[in-house]
Amino acid sequence: WGPLSAIDLNSGDLTWSIPLGEDSSLQAKGIPQTGTENYGGPVITAGGLLFIAATKDAKIRAFSKASGRLLWQADLPAAGFATPAVYEVNGRQYVVIACGGGKLNAESGDAYVAFALPGEK
């Protein structure tokens, strides 16, 4: 089951590790968040936000790079088994994810979804 982990590359120490993703069939049985198999990596902004989708539960999440604390999540039209991209247009920063699903018996999709990050604009 896929955890999301941060490792200090200077020391090799594990900084934090959390379960990534939710299995609805396990949650229905009262089993707490276990994480799920995942495909796709994270992207990290200069401001310390870590964005990742990668899970069968069709969500994209933002975590604190420093602590691993979940800061935000949103539902996607299909699982985002891909690494998000971050880009900037006219001083506004965006994160985009391909939502193709299809793996792990997840519903297939054909969308790209972009989110604008809060900012001064």
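The values are calculated or read from the model by the stated rules, or taken from the named source; none is laboratory data. None of these values were measured; they are calculated from a predicted model. Don't worry about glycine lacking a Cβ; one is built from the backbone with ideal geometry, like all the others, and counts go over all protein chains shown. To get the accessible areas, we keep the full protein, side chains included, count just its heavy atoms, and leave off ligands, DNA and RNA. Shrake-Rupley method; radii C 1.70, N 1.55, O 1.52, S 1.80 Å.
Where the second residue is aromatic (Phe, Trp, Tyr) and the first is surrounded by 15 or more Cβ atoms within 10 Å (Cβ to Cβ) and lies in segment 18-35, which pairs have Cβ atoms under 9 Å and are six or more apart or on separate chains?
Once the first residue is surrounded by 15 or more Cβ atoms within 10 Å (Cβ to Cβ) and sits in segment 18-35, its partners that are aromatic (Phe, Trp, Tyr) give 18/63; 19/1; 20/1; 21/1; 23/1; 34/1; 35/1.
Give segment 96-121 a look and list any residue that's modelled with pLDDT of 90 or more, among the aliphatic types (A, V, I, L, M) and in a loop (DSSP other than H, G, I, E, B), or say none.
Correct list: 117 only.
Closer than 22 Å to residue 110 by Cβ, part of a loop (DSSP other than H, G, I, E, B) and either of a type outside the set (Phe, Trp, Tyr) or touching a strand residue (DSSP E or B) at 6+ places or on another chain (Cβ under 8 Å) (or both): is that true of residue 40 in this structure?
yes
Residue 70 fails exactly one of the following numbered conditions: (1) of a type in the set (A, V, I, L, M); (2) closer than 16 Å to residue 33 by Cβ; (3) open to solvent by less than 30 Å² (accessible area, probe 1.4 Å). What is the number of that condition?
Going through (1) of a type in the set (A, V, I, L, M); (2) closer than 16 Å to residue 33 by Cβ; (3) open to solvent by less than 30 Å² (accessible area, probe 1.4 Å) one by one, residue 70 breaks only (3).
Yes or no: segment 43-55 includes at least one residue that is of a type outside the set (A, V, I, L, M, F, W, C), open to solvent by 40 Å² or more (accessible area, probe 1.4 Å) and in contact (Cβ under 8 Å) with a residue 12 or more places away in the chain.
No, segment 43-55 has no match at all.
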